[in-house]
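The values are calculated or read from the model by the stated rules, or taken from the named source; none is laboratory data. What you see is a predicted model; the values in this text were computed from it and never measured. Please note: Cβ atoms are built from the backbone with ideal geometry, for glycine as well, and neighbour counts cover all protein chains shown.
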Amino acid sequence: MKYAYYLSCINESLSKEAEYSLNIWTKDLGIELVPLEEGTCCGGSNLDFVNPDQFLAINGRNIALAEKLGLDMITSCNTCLLGLRHAKHILDTQPEKKEMINAVLKEEGLEYTGKSEVKHLLWVLVDDYGLDKLAAKVTNPLTDLKFAPFYGCHILRPSPLMGGYDNPNNPHTLEDLIRALGGNVVEYNSKNKCCGFHTLIVAEQESVKLSGDAVVDAIDAKADYIVTPCPLCHMSLDAYQKDGLSTKNRQGKMPIIHLPQIVGMALGYTEKQLGIDKHVVV
Amino acid sequence: MKPYDIIIVGAGGAGMYAAMEALQTNPGLNIAVVSKVYPTRSHTSAAQGGVNAALANRHKDDTVELHIFDTIKGSDYLADQDAATLLCEMAPYVVREMENLGAPFSRLEDGTIAQRPFGGAQKYRCCYCADRTGHTLLQTLFEQCMRKGVKFFSEYYLLSIEHDGKTAQGIVVMNMQTGKIEAMPAKTVIIATGGYAKMYWQKSSNAAGSTGDGIAAALRAGLALEDMEFVQFHPTGLRKSGLLISEGARGEGGYLVNNKGERFMSRYAPEKMELGPRDLVSRSIEIEINEGRGFDSDAGQYMHLDLRHLGGALIKERLPQIRQLAIDFEGVDPIDEPIPIRPTAHYSMGGIDADINGATAIPGIYAAGECSCISVHGANRLGGNSLLEVLVFGKQAGHHAAVTASSLNPGAISTASVEKIQKEIEGYSHHDRTERYSDLREDLGKTLGANAGIYRTRKKLEKGVADIMEIKERFKKVHVKDASAVFNTNLFQVFELKNMIHLAETVARGALAREESRGSHSREDFPTRDDKKWHKHSIFHMNEAGEVIVSDKPVTMGKHELQERTY
Amino acid sequence: MDEKKDIYFKIYRYNPEVDQKPFYDDFKISVERGVTILRAINYIKDHVDSSLSYRFYCQAGICGSCAMRVNGVSKLACTTQVWDELENCKEKDMITIEPLNNFEIIRDMIVDYKPVINKLEKYISWVTPKIKQADLGKKENIISEAEFKVIDAATDCILCAACFSECSMMSANKEYISPLALLKAFRMVKDSRDTRSDERMAVLNQDHGMWDCTHCYRCVEACVKNIPIMDAIQGVRNEAFIRKQNGTEGYKHANAFAQDIRKTGRLKEATIAIRTKGIFGAAGMLPFAIRMTLRGRMPSMFVKTIPGIKHVRNIFRKIK
C-alpha cells in the first residue's frame, strides 16, 4: 500500500510527535508514505475566503502532485482534509474552475485531473487497510485503558464532502479503531463537538471554553485518554487544557493522544518512542 | 393608558404591509402589531406559486384590463368590480415596490421579474421567487418592518375586538407567555389574521393556526361577515397530510393522470387542461374518483400529479420545495414517480365585510387579507391573487387607518368585557367539564369535509348544520386540563376551536341557503349558476343569543356583464 | 393496514411556574410508518397529556416554528419521520425530544426566541433601497440571473434557529452573531439594491461578529433547508478582503496564511499570533509559548521554504 503523504504545517512544526509516531509504525503495516515535499499549506480553512480562486489553485496543485505520482493522497490533519476535499469537490464539479487552475499548473508540468483520492489516515486504516488486519497486528492490546474519542469537526462536516465515512451526528469509525486495538470506548457527549481551535487567536475565551467542555466531559466519563485524529484539536485540548478547565472552575488532567500514537501504543511502542511525553498534559 | 393610533392584529403579509404603509403615511404614529406567532411564522410563508401583476415582462400584450377580466370571470362574477379593478390596477405597483425593497424575485434573461402561467389567467402574469414566493415576500416585509422600527407584540392572542357601536376602542389579548389578559386601547384596529380553512382539519392544507380568529372575533363583536360559504379546495393536496403541492407544478407543465393513465382534464377543460381554474380542477378530480378512476390507498382515493416528463433539472431548479414536500411527506421523489394528490381545503374567500379601503361598518375597524371579504375573489380565487390581495389591501387598510386615526377619540375598553373573558377562561378548567378539545376538532373537520365539502346538497348541509350545532353544545363542556399560566397551548387550542366552530356555522348555513352552484360552491341539487336569485353576497351576523343570521347584499358591478364561465 | 410499532418518546419537561428543575417524561405510543415527529407528539398532546408544550404552525416545513432537538439534533419536528429517527436512538426505539440549545426555556420545548430578532436588528438585516421613498413601485431593478443566484440559497432561510441551537460559538458566548444572522448579512451585503453595506460590514467586523465563527460546520449540517451557511460566512469575510478592511484580528490572521504560503509555501506558526494581535495583544499567548518551550516544542523562527516555491508564487501572481 503506497500513498502520497500530505505534510501538514502543524505536524512539521508544533506537533512533530504526531508525524514521527506515524512514521514509526507504517512499515510494520506495510504502508509506504511518499512525502509531498513540494506541497504547500492547505490554507488552514482561511485561504478559501481570503481568495477563493487562489485557494482552489493551491490545493489543486497539492493534489496534482499526488496525481503525478499516480497515488492517492493521505493527510493526518482534519483541516487539511477539509481544505483539500473542498477544493477537489469544486474542481471536480465546476469545469471552468479546473480549466482556470490547469492553465497555471501547466507551467509547472502539473495537471489536475481529479483521479487521486484524498483520504484521512483514519479512513485508510479502517477502510483500505482493514480493522481485522490491524487487530491481528496488535502486540499490546489496550485492554485496560478507556479512551474518549474526539473526532474533530473537519473529518465529519460538512458531511457531503466527507465521502460517507461517518454520520456526523453519530460517528463510529474512531470507536471501531479503538476497539480493534483492544481499547475500551467511553460514551460521552463531546465526541463530535468542536475544539475551538480556529478561534484560538481571535476569540480565545470562547475557544478554550469549547475545549474545556470536552475535557471536562471526558474527565467525568472517567476516560484515561482523549484520542483525536486531528493535530489541531490536539493543540486545543492539550496545550490549552489548563485554560479550558479554568473556565469551568475545574481541576484535573486528561492526557490527549494523536491517532498515530494510539496505534503505536497497540503495536508495542513506548510512550517515549511515540513522543507522548512531549505533550503539555502528561 | 394612551390608545395606540393603530393596532394591527396579525403579522402576515397584510398586517406587515399595513404597518409599513401606515408608517409611510405618517411616521409619527404609534403602531403596534399583535400576533399569536412570530411574524415570519405567519401562513403567508406557505404561498408557493406567486403573485399576479400585469407587468407584461413575459407576454408584452398583457394588460391590467385582462387581469381585471380574468379575476372577475374567475370569481364567477361574484367579485365586486370596483375592488377587483383596484386590485389589478395596483398590482404592478405593489409587486415593483416589493422588488425595490429587496424581494428576491426570479428573473428573466433580460433581468426583469420572471412571470409564469397560472390557473385561470390568459397570460403569463404570475411573478415568483422560485416556489417560495410567500416565504420570501413575508421575509422581505418583516425585514422592512424591522427597518422602520415597527413595534411587534409577538405571541399575543386576540380575545376580542372592542368598540362602542360608534368607533373602535381596541382589543383584548392574552400575553401567551404569561397568561395575562390585557386590554390594548386603540383608535383604529386592522384585522389581518388570515383565513379559516383549517376548520376542515385533516382535509386542509392550512397552518394549524388558520382558524379564523379575527373573523370570529369580528362576528362576536357584531360585525358583518360575507360570503363565508365559499371555501376553495385546491386540487393538489398531498394524499396523506393534505399539504399543498402548488399550482406552480402544473404551471410548469405537470400532468394530472387517472388510474387509466388518461390526462382526464381533457374532458373538463379541453383548452386549458391542467391549468383550468382551481374549483373546476378539484371538481373534476372528485368526479373521476366517484366514477372509479382514482387510485386506492389507506388514506383514501387519489390521483397522480405527474412531473416526470419535465426532467430532474427543471424540477430541481424551479420546483425544489414541491419536490422536498413530496419526499418528506409522501416518500415520493417526483423526478422518479408521480405525486399522489387529492383536493384539500385551501383558501377561504369569505371573511369580514369590508370596503375597498378595508373599512368595516364600525369607524376605525379595518380588515385586510384573507380574513377580509372586500370582495375581490367572489366565489373563487385565482391562483396568484391571494398574495396580491394581502399586499394591495394591506396597503389600503394601513393607509386609511393612518389617515383616520387622528380624527378618532375612542372611549376606554370597559372592564366588564375584560372580566367576562376572564370568567369564560376560568370556566374552561372546571372539573365537571368532560369534552376533549381534540375530539371536537376532529368531529368538526369530518362533518365539514363530508357535508360542506366540494359537492354539497341540501340533505348533506342540513346534516352538517345539525352536527355543528351539536358540537357547539358539546363545546360548552370542553375541558382545559393544563392549569398553567405559562404558554398554555392547551388553552390556545381551545380558543381556536371555539373560533372554528363559530365560523363553521356560517359556512354551513351560507351553503345551505345558497341554492345554486357558483365558483367553489357546488350544489348537486342546484347544479347551475342562478344569477336571477343568487347573484348577491351572503351576509352573516351573530345576534345577542349567539345565533348566526344570514342575509344578503348586492354585488357591485362595473363594465363586465354577467357571462357564462367556461374554460 | 399500515405497519405499526410501539415507540417510546422521552420528552423534556420544564415549567418554571411549578418545576424546580427540568425532567423527562416517557410516553409509549403506537406509530405507523409515514408519521412525522410532529404528528406523533400532537397525538401525545391530544390524547395523553394536554400540558405538553411546543410550538408548531404550518406543519409543512416552511414556517420554522417547530424546531426542536430530536435525538439530540436540532431539526423541524414536522419534516422528520419517526421511523427514520429509530436509527438515531441511543436506547432502542426511544426517541428523545428536547428544546433547542442556546436559548432560555419558557416551557418544555418552547424557547425564548427574542435573541434571534435582536441579532437580526443589530446586523441591519434588511435592504435599504437606493430608490427614494416617493419613487418606490415605479419601476423594477434590472438584476442579472447571475447576481440573483449568489443570494438565492440564502433567501431560503426560514429562521427556524436550528443552526443557532447547534452553533459551537453560540454555546460559548451568547453575544456571538449566530449563523442565521451571518447568513442574512451575507444575503444583504451581496444585494445590489441595498445601500447600507458599509455600515453593516462595520458591525460585522466588530467583536462577536463574523470573525468569531470557529468553522465547525455544525450550522451547515443542521440546516433544515440545506443552505450552505458556511459559504455565506466565508462570503462576508471575503467581502472584507474585497473591501480591504484590514484592521481586524480576523483579517490579519487569515491574511497571514496567504502571505506565508506565497513566501515559503508553509505556515510560520511561530509568529502568527503576533501578526494577528500585534506584540502586545499576543502577550496573552505567553503561557502557551512557555508550556510549549518546556516540552521542547517551540516552532522555529525559520521555516524551510518548499522546493518549487516559484511555481506557488506564480499561482499567486496569475490568479487574482
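What to note about this one:
- Selection from the stretch C:274-313 of residues that are charged (D, E, K, R), assigned to a helix (DSSP H, G or I) and within 8 Å of another protein chain (Cβ to nearest Cβ): C:277, C:291
- Residues located in the stretch C:36-51, provided they are touching a residue at least 24 places away in the same chain (Cβ under 8 Å) and more than 9 Å from chain B (Cβ to nearest Cβ): C:37, C:38, C:40, C:41, C:44
- Some residue of the stretch C:75-98 being without any contact (Cβ under 8 Å) to a residue 24 or more places away in the chain, surrounded by fewer than 16 Cβ atoms within 10 Å (Cβ to Cβ) and within 11 Å of chain B (Cβ to nearest Cβ): yes
- Some residue of the stretch B:231-254 being of a type in the set (Val, Ile, Thr), within 14 Å of chain C (Cβ to nearest Cβ) and more than 16 Å from the chain's Cα centre (by Cα): yes
- Search result, residues across the stretch A:9-44 that are modelled with pLDDT under 95 and among the hydroxyl-bearing types (Ser, Thr, Tyr): A:13, A:15, A:20
- Going through (1) under 23 Å from residue B:348 (Cβ atoms); (2) part of a loop (DSSP other than H, G, I, E, B); (3) among the small types (Gly, Ala, Ser) one by one, residue B:83 falls short only on (2).
- The helices (runs of 4 or more DSSP H) falling completely within the stretch A:210-277 that include 2 or more residues that are within 14 Å of another protein chain (Cβ to nearest Cβ) map to A:231-234, A:241-247.
- When restricted to residues that are surrounded by fewer than 21 Cβ atoms within 10 Å (Cβ to Cβ) and either at pLDDT 95 or above or assigned to a helix (DSSP H, G or I) (or both), the stretch B:363-406 contains 4.
- Here residue C:320 qualifies as more than 7 Å from chain A (Cβ to nearest Cβ), in a loop (DSSP other than H, G, I, E, B), within 24 Å of residue A:102 (Cβ to Cβ) and not β-branched (Val, Ile, Thr).
- Subset of the stretch C:228-245 (residues that are touching a helix residue (DSSP H, G or I) at 6+ places or on another chain (Cβ under 7 Å), more than 7 Å from every other protein chain (Cβ to nearest Cβ) and either surrounded by fewer than 22 Cβ atoms within 10 Å (Cβ to Cβ) or of a type in the set (Phe, Trp, Tyr) (or both)): C:228, C:239, C:243, C:245
- Residue satisfying condition, being hydrophobic (A, V, I, L, M, F, W, C) and either in contact with a Pro (Cβ under 6 Å, 6 or more places away or on another chain) or closer than 15 Å to residue B:147 by Cα (or both), within set B:14, B:18: B:18
- For the stretch A:101-122, the candidate set comprises residues that are β-branched (Val, Ile, Thr) and crowded, with 19+ Cβ neighbours inside 10 Å; within that set, the residue that is nearest to residue A:230 (Cα to Cα) is A:118.
- Failed item in (1) out of contact with any strand residue (DSSP E or B) (no Cβ under 9 Å at 6 or more places or on another chain); (2) farther than 30 Å from residue C:318 by Cβ; (3) part of a helix (DSSP H, G or I), with residue A:177 passing the rest: (1)
- Checked against the criterion of being under 25 Å from residue C:113 (Cα atoms), more than 11 Å from chain B (Cβ to nearest Cβ), in contact with a Pro (Cβ under 9 Å, 6 or more places away or on another chain) and not charged (D, E, K, R), the candidates C:12, C:54 yield just one match: C:12.
- Boolean, residue A:17 is within 12 Å of chain C (Cβ to nearest Cβ), surrounded by fewer than 22 Cβ atoms within 10 Å (Cβ to Cβ) and either among the acidic types (Asp, Glu) or on the phi > 0 side of the Ramachandran plot (or both): no
- Matching residues in the stretch B:77-94 - criterion: being among the hydrophobic types (A, V, I, L, M, F, W, C) and more than 8 Å from every other protein chain (Cβ to nearest Cβ): B:78, B:79, B:83, B:84, B:86, B:87, B:88, B:90, B:91
- Qualifying position, being farther than 15 Å from residue A:3 by Cβ, within 11 Å of chain C (Cβ to nearest Cβ) and over 26 Å from the mean Cα position of the chain (by Cα), among A:82, A:110: A:110
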